[in-house]
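Colleague: Take this structure, written in structure tokens, and hold onto it; I'll ask about it next.
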Amino acid sequence: MMTNKQFVIVGANGPIGSSCSRVLKSFGKQVLEISHSPSPGQIGYDFLTDSPEKLDLDKNVDYVLILCSGYSNLTQCRENPQLSHQFNVVASQSLLEYAFELRMMPIFLSSDHVFDGLKSGYCEADLPNPLNIYGEQKLIIEEFIRARFKNYLVLRSSKILGYTQQIWTIQQLRELRDSREILCFTDRFYAPLFVDDIPRFILAATERNLGGTFHLAQDEVMTPYEMMSEIARQMNLKSNLVIPDLMRNKKYLDFYPADTYLINDRAKTCGNFCFSSFDDFIERLKAEK
């Protein structure tokens, strides 16, 4: 049991970090929040210039490091490869070395972009083959953790569902509420994940002393078009404003894999975990509106 652990959340003001902080605190866990744009009560940390020693963590405390900061926009990673490498690789490795010295267990939030999307359904045993810089950088950190630590969690996910303005579904919902059309792909396939399932799984995994790589995803494979059409229908918005579009016709600076459906069987079996469905998310969305 890990009742005396203190969770250190790096990237505490992002969609995943803020969810981890809120959910872990609701379960009575001790949480230390770190952000490059700190709110009151948080520790400020510049991922490009600061040294981890600035955090001045107590070597006598049993910490768990949740690393969910990231430079995650695929186009920006391609346009700024040195900056994204410094942020996603160099700064992350520096924090992980600090964690190793303090004997902290790392939990790394990775991505389905470590896969090439050329087949339907990826389990943890499938070999990664990233097509874009962001996926390459995520894989570098995954491999660094596996080589450096005995006890760790690497958590891969796809599209994140939640309620903050940073999340794609909420941005699209705002457009629909303003009676504006949205273009949504019909040829991009994934199994989205309700953001609060991440800290819930972290709790389940740490309580069971689980380690290794896990895929976090809902059971159902969806396209962006299917997601937003269903949201529009259940929120009584104009579904004809959701316009089908094809990702393969777009010209991006970097490659977007078409089908990165993550199979969640290992997480469900080992963690005795039940993932939120898309309908569960919409019901919460109705309550939050």
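Values quoted throughout were computed directly from the atomic coordinates according to the rules given, and no laboratory measurement underlies them. Bear in mind the structure is a predicted one, so any value in this text is a computation, not a measurement. Neighbour counts are summed over all protein chains in view; Cβ atoms, including those assigned to glycine, are modelled from backbone coordinates with ideal geometry.
Colleague: I'd like the distance separating the alpha-carbon centroids of the range 53-114 and the range 152-212, in whole Å.
Modeller: About 20 Å separates the Cα centre of the range 53-114 from the one of the range 152-212.
Colleague: Return a whole-number percent for the relative contact order of the range 1-90, with Cα pairs under 8 Å and 6 or more residues apart as the contact set.
Modeller: Across the range 1-90, relative contact order equals 32 percent.
Colleague: Mind sorting ILE140, ILE160 by how few other Cβ atoms lie within 10 Å of their own Cβ, fewest first?
Modeller: Ascending number of Cβ neighbours within 10 Å: ILE140, ILE160.
Colleague: With point charges of +1 on the Cβ of Lys and Arg and -1 on the Cβ of Asp and Glu, referenced to the Cα centre of the range 89-247, which listed residue (TYR225, PRO106, VAL154) lies farthest in the positive direction of the dipole?
Modeller: So the residue furthest toward the plus end is PRO106.
Colleague: Further question: Give me a comma-separated list of calculated 3J(HN,Hα) values for the range 12-17, in order, Karplus coefficients 6.51, -1.76, 1.60 applied at θ = phi - 60°, integers in Hz, x for any Gly or Pro.
Modeller: Going residue by residue, I get 6, 9, x, x, 6, x Hz, with x marking Gly and Pro.
Colleague: Can you run the Rg to Rh ratio on the chain? Use alpha carbon positions and the Kirkwood inverse-distance Rh.
Modeller: Ratio of gyration radius to Kirkwood radius for the chain: 0.95.
Colleague: Which percentage, to the nearest 5, of the DSSP beta bridges contained in the chain is antiparallel?
Modeller: Beta bridges within the chain, antiparallel portion: roughly 5 percent.
Colleague: Going out from 0 in 5 Å bins, what whole percent of all Cα-Cα distances in the range 193-269 drops into each bin?
Modeller: 3, 12, 16, 16, 15, 16, 11, 7, 3, 0
Colleague: Given axes a ≥ b ≥ c from the Cα gyration tensor, I'd like to know whether the range 113-245 is rounded (a/c under 1.5), prolate (a/b larger than b/c) or oblate.
Modeller: Taking the square roots of the gyration eigenvalues as a ≥ b ≥ c, the range 113-245 is prolate.
Colleague: Okay, next question. Report, in degrees rounded to the nearest 10, the 0 to 90 angle that the Cα long axis of helix 133-148 makes with the longest principal axis of the chain.
Modeller: 30
Colleague: Please give the helix 278-288 orientation as an angle from the longest Cα principal axis of the chain, in degrees from 0 to 90, rounded to the nearest 10.
Modeller: The angle comes out near 80 degrees.
Colleague: How large is the direction-averaged shadow of the alpha-carbon convex hull of the range 5-117, in nm²? All intermediate terms of the calculation are to be shown ahead of the outcome.
Modeller: Details: hull surface 31.1 nm².
About 7.8 nm², averaged over all directions.
Colleague: Just add up the charged neighbours of ILE43: K/R +1, D/E -1, any other residue whose Cβ is under 12 Å from the Cβ of ILE43.
Modeller: -3
Colleague: If packing is taken as the mean number of other Cβ atoms within 10 Å per residue, what is the order of 29-40, 217-228, highest first?
Modeller: The most tightly packed comes first, giving 217-228, 29-40.
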